[in-house]
Amino acid sequence: MKICIPTLDDRGLEGQPSDHFGSAPFFTFVDTDTGEVDVHRNGGASHVHGSCRPVESLGAHSVDAILCRGLGRRAFSRFENGGIGVFVTLEKDVEATVKAFAAGRLQKLSSEEACHGHGHGHRGQYARGGMGGHSGAGGCGHDYNQRPNRGRD
């Protein structure tokens, strides 16, 4: 399976997941079958809000799933329509994210949970539920608790 994790840096498995898909400086691609890791700069990271073209941002990389901390409703819809699953990670790095995904511990994002526009904050420490939730001024208010019974649906 080929997955993409939007990241703040280009450190491969040690990379830190970005809080939001569209503005991530890098995309880290991992092939879970071969273990191959490939990092590419996100050419669309500086887009105007609402004009994110998520599938096109991936370039020539074909992926089966996106593992991220958050993304907007339009991006979510485009991935969903393209047959690409979106899962929420709150792990500290790419390696832990890949392991959590393989173990079925990442929650599949729903359209109701995707961010509803700008004006919200994403922080490294999430306020709600200990492990979950975007928070901040006008926050999304997600509660992304990564529980074993909320695996890859």
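The values are calculated or read from the model by the stated rules, or taken from the named source; none is laboratory data. In this text, all values refer to a predicted model and were calculated from it rather than measured experimentally. We place every Cβ from the backbone using ideal geometry, glycine too, and count neighbours over all the protein chains shown.
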Problem set entry | Pairs, first more than 21 Å from Cys115 (Cβ to Cβ) in the range 83-101, second part of a helix (DSSP H, G or I), C-beta under 8 Å, six or more apart | Asp93/Leu13; Asp93/Glu14; Val94/Gly12; Val94/Leu13; Val94/Glu14; Glu95/Leu13; Glu95/Glu14; Val98/Leu13
Problem set entry | Considering residues of the range 28-43 that are at pLDDT 95 or above and touching a Ser or Thr at 6+ places or on another chain (Cβ under 7 Å) only, the residue surrounded by the most Cβ atoms within 10 Å (Cβ to Cβ) | Thr28
Exercise. In the range 94-126, how many residues are of a type outside the set (Asp, Glu) and either assigned to a loop (DSSP other than H, G, I, E, B) or at pLDDT below 85 (or both)?
Worked result: 20
For this session: Please list, ordered by first then second residue, the pairs with beta carbon atoms under 7 Å, 6 or more apart or interchain, first in the range 60-78 and within 20 Å of Gly15 (Cβ to Cβ), second hydroxyl-bearing (Ser, Thr, Tyr).
Result: Leu67/Thr89; Leu67/Thr97; Cys68/Thr89; Arg69/Ser18; Arg69/Thr89
Exercise. Which of (1) surrounded by 13 or more Cβ atoms within 10 Å (Cβ to Cβ); (2) at pLDDT 90 or above; (3) at positive phi does Glu91 not meet, given it meets every other one?
Worked result: (3)
For this session: Determine whether the range 53-65 contains at least one residue that is buried (at least 19 other Cβ atoms within 10 Å of the Cβ), under 25 Å from Ser111 (Cβ atoms) and at pLDDT 90 or above.
Result: yes
For this session: Name every residue in the range 9-25 that is in a loop (DSSP other than H, G, I, E, B) and not polar (S, T, N, Q), in order of residue number.
Result: Asp9, Asp10, Arg11, Gly15, Asp19, His20, Phe21, Gly22, Ala24, Pro25
Exercise. Does Arg78 count as in contact with a helix residue (DSSP H, G or I) (Cβ under 8 Å, 6 or more places away or on another chain), surrounded by 14 or more Cβ atoms within 10 Å (Cβ to Cβ) and in a loop (DSSP other than H, G, I, E, B)?
Worked result: no
Exercise. How about the range 8-26: which of its residues are under 16 Å from Ala75 (Cβ atoms) and not aromatic (Phe, Trp, Tyr)?
Worked result: Pro17, Ser18, Asp19, His20, Gly22, Ser23, Ala24
Exercise. Quick one: Gly70 ticks every box in (1) in a helix (DSSP H, G or I); (2) modelled with pLDDT under 95; (3) touching a strand residue (DSSP E or B) at 6+ places or on another chain (Cβ under 7 Å); (4) not β-branched (Val, Ile, Thr) bar one, so which box is it?
Worked result: (1)
